[in-house]
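What follows is a set of notes on a single structure, which appears directly below.
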Amino acid sequence: MMPPGNLRRNYAVLAVSIAVAAVFIYAGIDKLRDPLQFADSTAAFAIVPAVFINLLVMGLPPFEIACGVLLLGPWTRRIGALAVAVISVVFFTALASALLRGLTLDCGCFGVGAPSRSRMWLELALDVMLFSGAMFVYLRSITRLPAPAP
């Protein structure tokens with residue numbers, strides 16, 4: 001029988017995994033709906049050379065969806081969580097860079113929106129929450145071997 005603490009931990013990991021997966025799957029699908037708009041949003045950051053914009057725009061949405069799907073499987077959860085943590089740091093860095101350079105833009109994270117610095121700050125906070133959730137799942141999904149019998 002599993003101790004109650006482990007059961008609660010497993011439910012918490014599952015709940016956070018589902019929440020983070022839902023965000024990433026939604027964001028990936030939303031970007032696939034309008035790749036031209038996502039390309040414009042990506043180019044507005046002025047950190048990716050123009051020659052790589054299309055590659056990023058075509059590669060990032062399937063990557064986000066894959067991360068979300070990986071988070072849903074018990075055997076792939078840690079891989080998905082690590083990938084989400086890494087990409088969340090990249091997103092955070094890109095948004096922070098734009099804010100520090102005084103840019104006001106629509107990040108393209110969740111569809112088309114009016115460029116807004118307040119929305120950029122909210123999305124920066126969301127990146128921190130996604131990173132935190134991914135790290136929680138990554139660290140709490142470590143499977144422990146049973147103690148050897150005496």
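Computed with a 1.4 Å probe over protein heavy atoms only, the accessible surface of the chain comes to 59 Å² per residue.
Run the accessible area of the range 17-71 with a 1.4 Å probe and give the carbon-and-sulfur part as a rounded percent. Here carbon and sulfur together make up 76 percent of the probe-accessible area.
Residues 77, 33, sorted by accessible area with the largest first, give 33, 77 [1.4 Å probe; ligands and nucleic acids excluded].
If I compute Rg/Rh (Cα atoms, Kirkwood Rh) from the structure I just sent, which labelled value in (i) 0.97; (ii) 0.94; (iii) 1.07 lines up? Checked against the structure: label (iii). Packing around the peptides 68-76, 50-58, taken as the average count of other Cβ atoms within 10 Å per residue, puts them in this order, highest first: 68-76, 50-58.
Restriction of the chymotrypsin sites (Phe, Trp or Tyr not before Pro) in the range 85-123 to DSSP coil positions whose beta-carbon has at most 14 other beta-carbons within 10 angstrom yields no sites. Only protein heavy atoms count here; on that basis, with a 1.4 Å probe, residue 29 has an accessible area of about 70 Å². The relative contact order of the range 86-139, computed from alpha carbon pairs under 8 Å that lie at least 6 residues apart in sequence, is 39 percent.
The values are calculated or read from the model by the stated rules, or taken from the named source; none is laboratory data. Computed from a predicted structure; not experimentally measured. For neighbour counting, all protein chains shown are included, and Cβ atoms are generated from backbone atoms with ideal geometry for every residue, glycine included. The protein model used for the area step is the full one, side chains on, heavy atoms only, and it has no ligands, DNA or RNA in it. Shrake-Rupley method; radii C 1.70, N 1.55, O 1.52, S 1.80 Å.
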